[in-house]
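The values are calculated or read from the model by the stated rules, or taken from the named source; none is laboratory data. Not measured: the values here are computed from a predicted model. With ideal geometry, Cβ positions are generated from the backbone for all residues, glycine too; neighbour counts draw on all protein chains shown.
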Amino acid sequence: MKNTINVQQSIWLNTENSQIIEIIDQRFLPHQLIIEQLKSWKDSEIAIREMHVRGAPLIGVTAAYGMYLACLEAKNYLKKDSFFSEVATTLKASRPTAVNLAWAVDRQMKLIRSFKNGTELIAASLKLAQQISNEEVENSAKIGQHGLALLQPLIEKKDGRPLNILTHCNAGWLACVKHGTATAPMYAAHRAGVPIHVWVDETRPRNQGARLTAWELSQAGIPHTVIPDNTGGHLMQHGLVDCCIVGSDRTTRTGDVANKIGTYLKALAAHDNKIPFYVALPASTFDWEIRDGVKEIPIEERNPEEVKFIQGLHEKNIIKVLVSPAESPAINYGFDVTPAHLVTRLITERGVCQANETSIHELFPEY
Ligand code: MRU
């Protein structure tokens, strides 16, 4: 472990040893910046399951590198087919909602099945993991440009005053590889000199908004304010939100959007107040197999302790404190589904579309 960071990037290959993948261990941000080394496929599985890394695109990229690490380890195993199947199944089960995970693992499995020679496979698997990572970087950059164009009429209406954007959870570069999805249009606007201000939902129980989005925006010098999760509706009623932009963990071919728990309530409030509700996502986040998000998207249920305890900094140490009575039961659904009719537009790397099957199909006719 070391304590320096190179760029605004969440995952990279160690520059001296191509058998090591490096990540930011996001559990300790914003108070400690810890770089973790992944040296085995199991390290990558633990990093995903225990949320050292999180966010749909980054989960996918970490799994792609995890499959590469498995290729390095496979030379020690006689029964390679069953080994790779077990690795793939275990990785896919580590976080069930973000579909990018299965998408990346399946791409690697297709490659693995097509190779007989282990040495060539290792090189090809690394190349594919890097390709998946680079694709996500490019997709995020394009989402930023398309998102900024979509925001233009709202920006013009503000006549030089800051555009107020509300976001939920962290769909920034920490959740992707670079740029982010929901944050990409914000970074693009900021770079273009457009004044913006971001309302950052704290995003209980793990506070990805208060910890990660606020940290990212601080680093970028973008004005922002952290708000309790239940404040958005009030702000919207008082004209203090111009639009919402969130990310997604899985979106159906019909436009239903699974995202961090609480997203649905923001979409309802936005709908009631006639405020545009935008969802930014790359193609890897679409689940082309399903139509009904509420019925068909698996919702991860996490440890209730995450609800009962809260983590923060106390006298230079990161500690956890109990919020509720120790004996009270809690429940911890990780995601909810916002039905397509509450989504104003989807922002993808191929452009902007309506959240319905026809419009999505026009952008992605091959699926
Ligand atoms: O549980 P997490 O932190 O992995 O959830 C992340 C989110 O819900 C993000 O909003 C989503 O993955 C989009 S990330 C670009």
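Observations
- Of all residues in the range 57-98, those that are part of a helix (DSSP H, G or I) and buried (at least 24 other Cβ atoms within 10 Å of the Cβ) total 17.
- Meeting the requirement of 2 or more residues that are crowded, with 19+ Cβ neighbours inside 10 Å, the strands (runs of 3 or more DSSP E) wholly within the range 287-347 are 335-338.
- Some residue of the range 231-241 being within 30 Å of GLU305 (Cα to Cα), touching a strand residue (DSSP E or B) at 6+ places or on another chain (Cβ under 9 Å) and surrounded by 21 or more Cβ atoms within 10 Å (Cβ to Cβ): yes
- Take the conditions (1) surrounded by fewer than 24 Cβ atoms within 10 Å (Cβ to Cβ); (2) within 13 Å of the ligand (Cβ to nearest atom); (3) acidic (Asp, Glu); ASP249 misses just one of them, which is (1).
- In this entry, LEU212 passes the filter for residues that are buried (at least 24 other Cβ atoms within 10 Å of the Cβ) and out of contact with any strand residue (DSSP E or B) (no Cβ under 9 Å at 6 or more places or on another chain).
- Residue pairs whose Cβ atoms lie under 8 Å apart, separated by 6 or more positions or on different chains, with the first residue in the range 285-296 and not assigned by TED's automatic domain parsing to the domain that holds THR251 and the second surrounded by fewer than 20 Cβ atoms within 10 Å (Cβ to Cβ) and in a strand (DSSP E or B), do not occur.
- Meets criteria (farther than 30 Å from ILE132 by Cβ and surrounded by 17 or more Cβ atoms within 10 Å (Cβ to Cβ)) for VAL226: yes
- Output for the range 326-341, where each listed residue is among the charged types (D, E, K, R) and within 11 Å of the ligand (Cβ to nearest atom): ASP336
- Any hit, the range 37-44, residues being more than 15 Å from the chain's Cα centre (by Cα), basic (Lys, Arg) and at pLDDT 95 or above: yes
- In the range 277-316, the residues that are of a type in the set (Gly, Ala, Ser) and more than 17 Å from HIS168 (Cβ to Cβ): ALA283, SER284, GLY312
- Exactly one residue out of LYS92, LYS110, LYS79, LYS75 is modelled with pLDDT of 95 or more and more than 16 Å from the ligand (Cβ to nearest atom), and it is LYS110.
- On inspection, SER359 qualifies as of a type in the set (Ser, Thr, Tyr) and assigned to a helix (DSSP H, G or I).
- When the criteria are applied in full, ILE275 fails the requirement of being part of a strand (DSSP E or B) and in contact with a Leu (Cβ under 9 Å, 6 or more places away or on another chain).
Residue-wise test of (1) outside the structural domain of ARG345 (by TED's automatic domain parsing); (2) in contact with a helix residue (DSSP H, G or I) (Cβ under 7 Å, 6 or more places away or on another chain); (3) within 12 Å of the ligand (Cβ to nearest atom).
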site: ALA124; (1), (2), (3): yes, yes, no
site: LYS127; (1), (2), (3): yes, no, no
site: GLN130; (1), (2), (3): yes, no, no
site: ASN164; (1), (2), (3): no, no, no
site: LEU174; (1), (2), (3): no, yes, yes
site: ALA184; (1), (2), (3): no, yes, yes
